[in-house]
Amino acid sequence: MNLSDARLLSFDCYGTLIDWEFGITETVSRLAAPHGVHPTEADILALFASHETHVQDANPTWTYPVILAETWRRMATSMGLPDPLSDTDQCELDARAFASSVPEWPAFADSHEALLDLQRQCKLVILSNVDNQSFAGSNTKLGITFDAILTAQDIGSYKPDLHNFHVLQQHVRDMGIAPNQHLHVAQSLFHDHVPAQAVGLKTVWINRYGAKRAAAKSAGATPAAAPVTPHWEFPTLRAFADALNSA
């Protein structure tokens, strides 16, 4: 398959279109500071990656705000912040603030214009690990009318569960798009590239955090992934859109 064959692009949202690592770090830092705790970005993202994944694995039907609230409770214990044992009331206030923060996370600077360019050639579909309300808030920053939006709330499980990608593939077939016309575009190797390739999809890696990852020697807000080689790699969505336009 060549880039020029693509007629539909499915996207992860958080990490690919929305800068969730900035949003997570800023929110945790803001909530921790009044308690005299100032974790580093690396510490915040490592704790988030560990706890969020465990909560999702154990509770696949919980909506994302509920996932985030429980993730906060576990992170709070790890960081020495008010937690369910030390200060239940304050912990719940902080958990609710964290759980409702998704619409505040910023879009990457190139997301809107690059998506508009891509939409001139391809249908655009979201496959996201959040709930409908959280994504609606984020989409006010993206400013795009997607051809379909598939969330974990609708599907009943969280990526990297293969079920999410089977649902995506069926939806794409129902839209009249052949498998060799569909590319999955994402930043997370763990949540997207490994499972997408497991079901036979071609993948495009938007390696947003490449230089930062190499410097920090970390996987950021996602767990380390099994070995996988994306079919294409670009540092930004703008670079991918330019490549597709010229293909």
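Readers should treat all values here as calculations from the given coordinates under stated rules, not as data from a laboratory. Source: prediction; values computed, not measured. Reconstructed Cβ throughout: ideal geometry from the backbone, glycine too, with neighbour counts over all protein chains shown.
Look at the dipole of the stretch 36-194 built from charges on Cβ: of LEU45, THR145, HIS182, the Cα furthest out on the positive end belongs to HIS182. Scaling the Cα radius of gyration of the chain by the globular reference 2.2 N^0.38 Å produces a ratio of 1.00.
Between ILE18 and PHE108, the built amide H atoms are under 5 Å apart, and every one of these is 5 or more places off in sequence or on another chain.
Taking amide H as placed 1.01 Å from N in the peptide plane, GLY220 has no amide H partner under 5 Å among residues 5 or more places away or on another chain. The Kirkwood radius of the stretch 149-247, taken over pairs of alpha-carbon atoms, gives through the Stokes-Einstein law at 4 °C and 1.567 mPa s a diffusion coefficient of 89 µm² s⁻¹. Translational diffusion of the stretch 21-104, estimated by Stokes-Einstein from the Kirkwood radius over alpha carbon pairs at 20 °C in a medium of 1.002 mPa s, is 170 µm² per second. Going from the residue with the fewest nearby Cβ atoms within 10 Å to the one with the most, SER157, SER86, SER128 rank SER86, SER157, SER128. Using θ = phi - 60° in the Karplus curve 6.51 cos²θ - 1.76 cosθ + 1.60, the 3J(HN,Hα) couplings for the stretch 134-146 round to 4, 5, 4, x, 5, 6, 5, 7, 7, x, 10, 8, 7 Hz; x is entered for Gly and Pro. Think of the chain as having a plus end and a minus end, set by charges on the Cβ of Lys, Arg, Asp and Glu; of PHE98, LEU31, HIS231, HIS231 sits farthest toward the positive end of this dipole.
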